[in-house]
Amino acid sequence: MWARLRRCGSYLPDELVRRTRARTGPEQQGATVMPDSTPTPAARLTELPKPVFADERATLYLGDAVELLPLLPEGSIDALVTDPPYGLSFNGQAWDDASGFRESLSHIDTSEMSAPEVFETWCTAWAAGALHALKPGAYVAAFGGARTWHRMVRGIENAGFEIRDQIAWLHTTGMPKSMDLSHAIDKHQGMQRTDRVVQTTDHDGVLGATRTVLSKGTPVTEDAQRWEGWGTALRPAFEPIIIARKPPEGNLVRNVLRHGVGGINIDDGRFADGRWPTNVAFDAGQADALDVLTGTWQGESLSRKFPIFRFDHKPSTLERPRAFGVSHTTVKPLALMRWLVTLVAPPHGVVLEPFAGSGATVEAAVSDGYRVLCFEKNASYVPLVQSRLDR
Ligand SMILES: C[S@@+](CC[C@H](N)C(=O)[O-])C[C@H]1O[C@@H](n2cnc3c(N)ncnc32)[C@H](O)[C@@H]1O
């Protein structure tokens, strides 16, 4: 795998390549080497720690997925459904920025890498661990961020997975994180807008302190007038879900018969009067917007051609649990997670979620009779997962 990585990017540390060469032997060097499923070389633990939660439905380990994944028994997992960090420093969370990724990659010299390169290397590392743990032919459904998913896809591919598809999750819950250029110019030039009104709250219970601009105020300088109406970001309304597969062992049919994985569960993934599952999914707001724009066609609304999953801008505690004053900032809709699990995992199979967060994947899988194995690095989210399992 590392030989392939070396060709994909020039930043892989020599140390890793040397270690891998020692493992693969001189005869393979320079040849086209198929990625192997050998776990990350510098695993610090030698076996899985005691789980922080375990019953017949779910097992949760507290720890770093990059370190723990290689410790799972090889070829033991039926599907990976995951919502990993997007590498966007979401709300200043360390788990979503290069510092968190560098912590996971302490066995690799990342000092010369840019933040996107660190993110890709980190994705490669967790994906390599997942490749090891999954059965041949097992499917992956992994959320990505619109600005960074290309790095995650490269990481998943670098590790040895086949990229099979991408589901577009279209929703209405995103908030634009845009700079008001006109106001920034006034500030830069030392001017204050006397009629600007901003409301700040210390804590809104989930996202920490917030600022809401109630009135932008009147531009003061000539430059600010010229740039009035300009910003730096669109409102996010799309998240890709990457569908990948561990290469089957030879012939796919034989692989399915031998390992019980390798296909997509089309029939159980059907929606709205039995339609074939699509690689586009909507929330109700997006579906409404589509119907308003397009009206009906042959007597039915266009949105009926796509699966629709309800998700509120301010999710209820059913969607965003709270325990000991903590809730999670990036919960995923339960119904969407159930659909994804159904599509890629065999009935009653073992689903892996290395980045549990508040446990949306865990609850989705358990409620449909799958077994779940999950990891989470942040101890304060463990009670959230447990609260979902207690329902
Ligand atoms: C995007 S959130 C998952 C949210 C989840 N889908 C939910 O609905 O609550 C990603 C989670 O991965 C965790 N995380 C980040 N880096 C990790 C690592 N190296 N190993 C394990 N967990 C990690 C973060 O603490 C965070 O809770």
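The residues listed here are Ala335, Ala323, Ala356, Ala360; of these, the one that is among the aliphatic types (A, V, I, L, M), assigned by TED's automatic domain parsing to the domain that holds Arg245 and touching a Phe, Trp or Tyr at 6+ places or on another chain (Cβ under 6 Å) is Ala335. Counting only helices (runs of 4 or more DSSP H) that sit wholly inside the range 300-391, those with at least 3 residues that are in contact with a strand residue (DSSP E or B) (Cβ under 6 Å, 6 or more places away or on another chain), within 14 Å of the ligand (Cβ to nearest atom) and over 20 Å from Gly144 (Cα atoms) are 382-389. Within the bounds of the range 273-291, is there any residue that is at pLDDT 95 or above, within 16 Å of the ligand (Cβ to nearest atom) and part of a strand (DSSP E or B)? For the range 273-291, residues at pLDDT 95 or above, within 16 Å of the ligand (Cβ to nearest atom) and part of a strand (DSSP E or B): present. Of the residues making up the range 62-88, those that are part of a loop (DSSP other than H, G, I, E, B) and away from the ligand (no atom under 13 Å from the Cβ) are Leu72, Pro73, Glu74, Gly75, Ser76. Restricted to helices (runs of 4 or more DSSP H) entirely inside the range 105-194, no element has at least 2 residues that are modelled with pLDDT under 95, over 24 Å from Lys377 (Cβ atoms) and assigned by TED's automatic domain parsing to the domain that holds Gln286. Against the definition (within 15 Å of the ligand (Cβ to nearest atom), within 24 Å of Ala133 (Cα to Cα), modelled with pLDDT under 90 and aromatic (Phe, Trp, Tyr)), how does Trp95 come out, yes or no? The answer is yes for Trp95. Checking Val256, Val220 one by one, the residue that is at pLDDT 95 or above, in contact with a Lys or Arg (Cβ under 7 Å, 6 or more places away or on another chain) and surrounded by 15 or more Cβ atoms within 10 Å (Cβ to Cβ) is Val220 and no other. Within the option set Thr24, Thr40, being away from the ligand (no atom under 16 Å from the Cβ), touching a helix residue (DSSP H, G or I) at 6+ places or on another chain (Cβ under 9 Å) and at pLDDT below 95 holds for one residue only, Thr24. Note on the range 160-196: residues that are of a type outside the set (Asp, Glu) and farther than 30 Å from Phe311 by Cβ total 15.
The values are calculated or read from the model by the stated rules, or taken from the named source; none is laboratory data. Given the structure is predicted, the values throughout are model-derived calculations rather than measurements. All Cβ positions, glycine included, derive from the backbone under ideal geometry; neighbour counts span all protein chains shown.
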